[in-house]
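Every read-out reported here was derived from the displayed coordinates using simple, explicitly stated rules and does not represent laboratory data. For clarity, every value in this text was computed on a predicted model and none was experimentally measured. Note that each Cβ is placed from the backbone with ideal geometry, even for glycine, and that neighbours are counted across all protein chains shown.
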Amino acid sequence: MSELVSLLFDTKEEAINAKVEFARMQTEHLVELEDLAVVYRGKNGRVRLDQTVDLAAVGAASGGFWGLLIGFLFSIPFGGPLLPIVTGVFGAGFGAISGKLTDYGIDDEMMRQVGRGLDEGKAALFVLVRKATIDKVLKHLERHRAQVLRTSLSEDLEAKLRQVLDHAGQQSAAAE
């Protein structure tokens, strides 16, 4: 079962640094992520979602590939060298639309709702974790100063996470 953790950072840059840290932990096999996103309000006040996977681009690439393949297969019996190109373009278009409409991982509307409540300059990091080596992940998070917004973790794990992040915040405040 996946666990959702959302953390509040003082700046967008800090949230992005933590996002990069989670990606690094995934390459080290300390955590298996299902989704990862930074949410912030742009200069115009509009809520922005910086997600790890652009589903529209993935859908367009996949649709284009399948469209070209089908076009090549049917161009032989039905003739027409333009058929693979036409089916590739239509496949890419339909793939992009289906990718845009697909909501994989963390609910976008929930993230936008949290984003609307953010103070100017603040950012939230949403992490959907499938599996994790908790003690090592917490050790990596000691460097990051953040507040826990919400989690689906057990009370014990959430308390440990809060303790690690509070300790990081106290160390940062003492250094300033």
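Leaving out same-chain residues fewer than 8 places away, which lysines sit with a Cα under 17 Å from that of Lys12? The qualifying lysines are Lys43, Lys122.
Here's the list of aspartates and glutamates a cross-link from Lys160 could span, going by alpha-carbon distance under 18 Å and ignoring same-chain residues fewer than 8 apart: Glu3, Asp135, Glu142.
Extension gain for the segment Lys131 to Met1, taken as residue separation times 0.36 nm less the Cα-Cα distance, is 46.0 nm to one decimal.
Spin-label model, Leu157 to Arg116: label points 7 Å out along the Cα-to-beta-carbon direction sit 3.0 nm apart. Taking amide H as placed 1.01 Å from N in the peptide plane, Arg150 has its amide H under 5 Å from the amide H of Ser6, each at least 5 places away in sequence or on another chain. Packing around the peptides 108-121, 139-152, 3-16, taken as the average count of other Cβ atoms within 10 Å per residue, puts them in this order, highest first: 3-16, 139-152, 108-121.
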